[in-house]
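The structure under discussion appears below in the form of structure tokens.
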Amino acid sequence: SGRATHNNDHNRSLSLSRMLPHLSEKFEWISLQKEVRPADQPVLATAGIRTFAEHLHDFADTAALVEQLDLMVSVDTSVVHLAGALGKPVWVLLPEVPDWRWLMQRPDTPWYPTMRLYRQGADKNYDPVLSRISADLAQWTPKATPGIAPPPGAAPPQPTDAIGWFRL
């Protein structure tokens with residue numbers, strides 16, 4: 001999540017322990033969280049998720065890390081907007097009544113063509129959303145960046161299978 005003081009944080013955020021069972025072990029998970037909440041710290045320390053919090057000083061640092069990811073999975077945060085602006089694939093978990101920018105009842109956004117929206121239902125339960133993401137991750141495969149040719153004699157670039165996680 002973003003700021004714990006955000007007026008809708010209680011609706012948009014998830015604990016890492018709630019998200020962890022849905023994270024496929026076929027991927028390397030990267031935390032983009034600059035400040036990890038106290039309840040998530042022991043979970044993060046033992047979950048095998050890489051974190052770079054001590055290296056994230058500003059949005060330029062975060063953007064550099066986001067550029068290395070194949071996919072970002074997150075609740076609605078400023079980093080979601082950053083990744084969308086960078087053209088990275090992003091899957092966003094949204095509460096039943098999201099911020100106005102996400103519009104209503106659509107799986108995409110006109111502002112970020114690489115973004116997929118996963119919305120809570122009227123029950124305000126994230127479990128079905130997490131199940132849909134888990135199922136989609138089972139079918140998802142990273143794609144190499146189009147239009148970037150390797151230097152002569154070098155092997156073509158390979159996807160890293162790294163997926164970002166930002167305070168779920």
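The values are calculated or read from the model by the stated rules, or taken from the named source; none is laboratory data. The shown structure was predicted, so the numbers you read here are calculated from the model rather than taken from an experiment. Here the Cβ is made from the backbone with ideal geometry for all residues, glycine too, and neighbour counts use every protein chain on show. Areas reflect the complete protein model, heavy atoms only, side chains present, ligands, DNA and RNA absent. Shrake-Rupley method; radii C 1.70, N 1.55, O 1.52, S 1.80 Å.
Structural remarks
- Of residues in region 133-145 being of a type outside the set (S, T, N, Q) and closer than 25 Å to A85 by Cβ, the one most open to solvent (accessible area, probe 1.4 Å): K143
- Considering N7, N11, the condition of being buried (at least 16 other Cβ atoms within 10 Å of the Cβ), at pLDDT below 85, more than 23 Å from A138 (Cα to Cα) and not acidic (D, E) is satisfied by N11 alone.
- Residues in region 26-39 that are loosely packed, with under 13 Cβ neighbours inside 10 Å and at pLDDT 85 or above: 1 in all.
- Contact annotation: residue pairs with Cβ atoms under 8 Å, 6 or more positions apart or on different chains, pairing a residue in region 24-51 that is within 21 Å of V90 (Cα to Cα) with a partner that is surrounded by fewer than 15 Cβ atoms within 10 Å (Cβ to Cβ) and of a type in the set (A, V, I, L, M, F, W, C), are S24/A138; S31/A53; Q33/A53; K34/A53; E35/A53; V36/A53.
Conditions tested, residue by residue: (1) at pLDDT 90 or above; (2) in contact with a Phe, Trp or Tyr (Cβ under 8 Å, 6 or more places away or on another chain); (3) of a type in the set (S, T, Y).
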site: M104; (1), (2), (3): no, no, no
site: M115; (1), (2), (3): yes, yes, no
site: S131; (1), (2), (3): yes, no, yes
site: D136; (1), (2), (3): yes, yes, no
